[in-house]
Structures are given as structure tokens and as C-alpha cells.
Amino acid sequence: IGHFEDSFRINQFSYVSVRNSSTDPSGNPESRNKLKKLIINYNAEMLFADKLIAYEGNAERLILTALIRKEVAPLLGERIAFIPVGTAFKKIEPAIADLRFNKVLLITDIDYKCSDKTFKIEDPCHVRTTNGNLIYLLDNPTGDSKLKQIGLTSYLNSEDAYICKKHVLIPSDGIPDPKAPSNFMIVTQGYSKLFNFWPRTLESALVFASKENFSLYKTNKLLKDDVDTIKTQSPYDLNDISGKLLTQGKADFALDSLDLIANENYRIPQYLMEGLKWLEN
């Protein structure tokens, strides 16, 4: 694995060779080099897993196992690898496809903005994002696809509770099959009709997944004192996670969330539920 030569992945279903990017002209050197670093420095389990969860950062990883245990416990008995991809999954997609996972789930934030000065959506026609992962919300994302093509305005207008899209990851030696079942899914935050705003990150999505969640976080003093006033008067300001929502940093918030997730009244954000249920089935 150190030189990424003659590496392999074996499970009960498949054997997949991973070519050396320097000698294989059909490979993507940048993609394979990034994957090589992930395997060597972070998670060699990728070579033996049947399913993969790709996530943005530490906060997601801290709570994912707790969420799985709460709602889709059978997944704990499966061979699942977890890797951090930030907002650049596209850069390692070719190498991930060549590992031929049964399913790949990408969990990411919507990270929308209308203005650099506020989180309010003052003009729905100018909702944008800088999260490169969201390119997978397009029907046929390519290397030439642009984030402005996504059309976040339509998602805002429809007020869907979650946003997701399925695709087929095709290995470099594979032939596209229009009838092939989807083996890749991206999930991200949708609109909260309950609180009349659009959570844009994991933290706000967890807090506002239900009235019970909000109450649990508030009772445990994880939310700022004036959160009720802001929630009523200017809910979009609650996407200012460190400034107006949380009393602590994201990592501490995620750790404290572990105790709350175990509460029977705690509800998992729907976008996470949809993704984990799909991964299980």
C-alpha cells in the first residue's frame, strides 16, 4: 500500500486491483494519490469494507456511530469505512469508484449564502454555495459542471425536508449501464417548516430537527440565552453557529450531543435518516 502498487481489496463479494497511477494511463493520478494518503494515514479499512460513508469533518464523525446505533443498529454489524473528504469528494471519486463499494454515502452541508454579511435569504434568486460536494445534486455532474448550475432556489421554494440525489459510480474499467442500481447517494440539509428557516450546517440541523431536540439542547445549556428571541424574530441568524446559536465550539457540541442522542425523545435530522436508511437497505 505504501507505493500503491499491486494493492488490493478483498471481501466476500469481490476482488479489486488498484493500479499504480504512475504506470496506468487510464488512471487519475491526483485522485489516486489523494486516496493513497487517506488509506496510509487514516483508514486502511477502506480496502476491506463493503460500504463507505464520506463526511466533511470531525463533528460528523463524532456523532455518526451514535446516530447509527439509535436508528439503524444493523449497520453496526456490517463492514463500513468512514473517511473525511471535506468539500472535495469529486477529487477522489475515480479512485473510490475503482474500489467498487456496494454503496457510498456522502454526508455534507448545504452551506448556502445570499450575502457575505448575513445568513438571511433576502433574495431567493441569489442563493449560492461554495461546497464542491453539492455538484452531485446535478443529474449528470462532470468535471466541467459549475456550482451555479445546481439551482438552490428551487430547493428553497419547494421547502423539502431533506435534499438527496443518487448516482452510479463507474470504475475506470467499467462500462456505463443505464439500468445499473444507484450505488452512490449525497444527502444534505433541507428546509425546516417547523422553525421556518433553512439550517445550513450539521449543528443547526441537529438542534432544529424537532421541538424536542431544541428543548434538550436548551435545557442542557448548549444554546445561547437569547436563542428563543432570535428563533422568533430572525431564525436565519441561528445559522451563525458560534455567534448566535451555540455556547461552545463545534467539537464540544458534538461530544455533548452524544448524551442527548441517547434520549428517547431525540430526533435525527431527516437528511441523515434518509442517507443511513438507504445505506442499510
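Under a 5 Å amide H cut-off, with hydrogens placed 1.01 Å from N, residue 110 pairs with 189 among residues at least 5 apart or on other chains.
For the range 38-111, what does the relative contact order come out to in percent, with C-alpha contacts under 8 Å and a separation of six or more? Over the range 38-111, the number comes to 48 percent.
Taking other residues whose beta carbon is less than 12 angstrom from the beta carbon of residue 107, and scoring Lys, Arg as +1 and Asp, Glu as -1, yields -3. Each helix, a run of at least 4 DSSP H residues, gives -39500 (n - 2.57); summed and divided by the residues of the chain, these come to -8500 deg cm²/dmol at 222 nm. Applied to the range 132-146, the Karplus parametrisation 6.51 cos²θ - 1.76 cosθ + 1.60 on θ = phi - 60° returns per-residue 3J(HN,Hα) values of x, 4, 6, 4, 6, 7, 6, 5, 9, x, 10, x, 9, 5, 10 Hz, with x for Gly and Pro.
Take the Cβ atoms of residue 180 and residue 61, set R0 to 30 Å, and the FRET efficiency comes out at 0.50.
Please identify, among 159, 56, 78, the residue showing maximal mean-square fluctuation in a Gaussian network model of the chain using a 10 angstrom Cα cutoff. The residue that fluctuates most here is 78. Full extension of the chain between residue 278 and residue 37 yields a length gain of 83.9 nm, computed as 0.36 nm times the residue separation minus the alpha carbon distance.
Using the average count of surrounding beta-carbon atoms within 10 Å as a protection proxy, the listed peptides 178-185, 30-37 rank, highest first, as 30-37, 178-185.
Would you mind pulling out the separation of the Cα centroids of the range 181-218 and the range 135-153, in Å? Measuring centre to centre over Cα atoms gives 22 Å. Neighbours of residue 201 by Cβ distance under 12 Å: Lys/Arg scored +1, Asp/Glu scored -1, total -3.
When mean projected area of the Cα convex hull in nm² is computed from the coordinates, the matching label among (1) 21.4; (2) 15.4; (3) 17.0 is (2).
Rounded to the nearest 5, what % of DSSP beta bridges with both residues in the chain are antiparallel?
Percentage antiparallel, nearest 5: 50.
None of the figures in this text is laboratory data; all of them are computed from the coordinates on show. Nothing here was measured: the structure is a model prediction, and the numbers come from that model. As a convention, Cβ positions derive from the backbone with ideal geometry for all residues, glycine included, and neighbour counts pool all protein chains shown.
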